[in-house]
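**Student:** Okay, here's the structure, questions in a sec.
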């Protein structure tokens, strides 16, 4: 089976400069979810139809999925016209699934069921309908007692004489390639919008004696949610959040309050992890078994080792070793690497630095552009002065060093193994192994002094 995904809609109601299908939902764009659901259903040959201003869509998607085909609908003349634009890859013998790029909640399971129904019934056309006692603004789908398609009546065309039904038009269709091509050739645009509607094609095929059927889905109606406004987008985020969190919980992740946890679909989490309320995990995070992500923590592209604890901290593009402890209120910036069983305490910022195993930076410190060995203890208020106004320089702190509180380490500088830095020192020269470095002004006392 092949697929055509319609993504040429302008999305005016989004009130955004960003193309509608490129709006993000938990780590992926709207249309990525549609594409990946199709892949999961075994549909690899996909054509995405974009509008004449859709270069950004085709560029982004082409980089992620180089196997995609793209077609351009040069004028917005309706869904039927958009499908017609995407027919270059379709032969008469192909089975074709029509999808919409703004329906991110549609699932691969639904598509697989649709494929199975198509094969079993050897259909020329399938209209998918969902059960909904509350019909809302959806079009009504009518079938006979044997499941053969009769017609779709749009909400605006419903009259008191319209038959009663509880089945609504969800949007996806399946066609035989040849039947689809024939139906598209016969569709007209005799309507108030002057557009060519795909909804006309199944009726055209039925009237031509083709095998047109209705697939009645019992899936939750949410999977057919289309995004047209920022309100719809927020609703979709809520549904996707629940789906992602449920997936992780079924795989052994414990969430104290899943309603408050936001996890991108790109995040990988091992069993045994505990996640507290208010946590946000984004990008390519990888969380090892038994780790704890504390309340209010925000992780982006972070690697967290086995049994590590993160407490109310912000971690961006950083790596945390097994059984390390970070926070509360720590800030790990890009290229921070924290070793096993190390401790990064409250109000500590680490950037572009390597901290080896069993070292401690307990509180109120800035570690930037530094290489810190194992068993090091960094006192309160210590900073690595890494920037001279023009260039960044590195600080090297070897194994077993103790740096006293409120000390400044002016890079480039090296502190030798097991050396000590006295409290309040400003170190500008290398320190030998096991040496004590003192660099502070002599204390003086002036008696009987008071402010003038």
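Throughout, read-outs are computed from the coordinates displayed, never taken from laboratory work. Every value quoted in this text rests on a predicted model; they were computed, and no experiment measured them. Using ideal geometry, Cβ is built from the backbone for each residue, glycine included, and neighbour counts are taken over all protein chains shown.
**Student:** How big is segment 91-192 by the Kirkwood estimate over distinct Cα pairs, in Å? Intermediate values should be presented prior to the final figure.
**Tutor:** Values: mean 1/r = 0.0661 Å⁻¹.
In segment 91-192 this quantity evaluates to 15.1 Å.
**Student:** Among DSSP beta bridges lying fully in the chain, give the percent that are antiparallel, nearest 5. Mind dumping the intermediate values first?
**Tutor:** Numbers: 19 of 103 bridges.
Percentage antiparallel, nearest 5: 20.
**Student:** Could you give the semi-axes, largest first, of the ellipsoid that matches segment 2-224, computed as the square roots of 5 times the alpha carbon gyration tensor eigenvalues and rounded to whole Å?
**Tutor:** Working: eigenvalues 137, 75, 68 Å².
Whole-Å semi-axes of the equivalent ellipsoid: 26, 19, 18.
**Student:** Let me ask something else about it. Could you tell me the center-to-center distance, by alpha carbons, between segment 346-414 and segment 1-44 in angstrom?
**Tutor:** 45
**Student:** Ranking request for peptides 348-360, 243-255: highest mean number of other beta-carbon atoms within 10 Å first, then the rest in descending order. Show your work: numbers first, answer last.
**Tutor:** Values: 348-360: 21.5, 243-255: 16.0.
My ranking of the peptides, most packed first, is 348-360, 243-255.
**Student:** Rank by packing, highest mean first: peptides 401-409, 119-127, 228-236, with packing defined as the count of other Cβ atoms within 10 Å averaged across residues. Working shown, then result.
**Tutor:** Details: 401-409: 21.2, 119-127: 19.1, 228-236: 15.4.
In descending order of packing, they fall as 401-409, 119-127, 228-236.
**Student:** OK, next. Under 8 Å for C-alpha pairs, at least 6 residues apart: give me the relative contact order for segment 2-224, rounded to a whole percent. Present the calculation step by step, with values, prior to reporting the outcome.
**Tutor:** Values: 433 pairs, mean separation 54.4, N = 223.
Dividing the mean separation by the residue count of segment 2-224 yields 24 percent.
**Student:** Place the peptides 291-302, 40-51, 133-144 in order of packing, highest mean first, counting for every residue the other Cβ atoms within 10 Å and averaging per peptide.
**Tutor:** On the way: 291-302: 22.1, 40-51: 19.9, 133-144: 14.7.
For the peptides 291-302, 40-51, 133-144, the packing ranking is 291-302, 40-51, 133-144.
**Student:** Same structure, new question: Against the longest alpha carbon principal axis of the chain, how many degrees, from 0 to 90 and to the nearest 10, is the axis of helix 55-64 turned?
**Tutor:** Between helix and principal axis, roughly 70 degrees.
**Student:** Report the per residue volume, in Å³, of the convex hull enclosing the C-alpha atoms of segment 253-437. Provide the component values of the computation, followed by the final result.
**Tutor:** Details: hull volume 15.2 nm³, N = 185.
In segment 253-437, the Cα convex hull volume per residue is 82 Å³.
**Student:** Between the helical axis of 230-250 and the dominant principal axis of the chain, each derived from Cα atoms, what acute angle in degrees is found, rounded to the nearest 10?
**Tutor:** Taking Cα atoms only, the helix is inclined about 70 degrees.
**Student:** Obtain the nm distance between the two label points defined at residue 137 and residue 433 by a simple spin-label model: each point lies 7 Å from its Cα along the Cα-to-C-beta direction.
**Tutor:** 7.6
**Student:** Hey, how many Å between the Cα centroid of segment 317-335 and the Cα centroid of segment 93-132?
**Tutor:** 45
**Student:** What is the helix-to-structure angle for 108-121, meaning the angle in degrees between its Cα long axis and the longest Cα principal axis of the chain, kept from 0 to 90 and rounded to the nearest 10?
**Tutor:** On a 0 to 90 degree scale, this one is about 20.
**Student:** Among [x] 166; [y] 214; [z] 175, which one is volume of the Cα convex hull per residue in Å³ computed from these coordinates?
**Tutor:** Matching entry in [x] 166; [y] 214; [z] 175: [y].
**Student:** Rounded to a whole number of µm²/s, how large is the Stokes-Einstein D of segment 1-42 at 4 °C and 1.567 mPa s, given Rh as the Kirkwood radius over C-alpha pairs? Let's see the in-between values first.
**Tutor:** Numbers: Rh = 11.4 Å.
Translational diffusion coefficient: 113 µm²/s.
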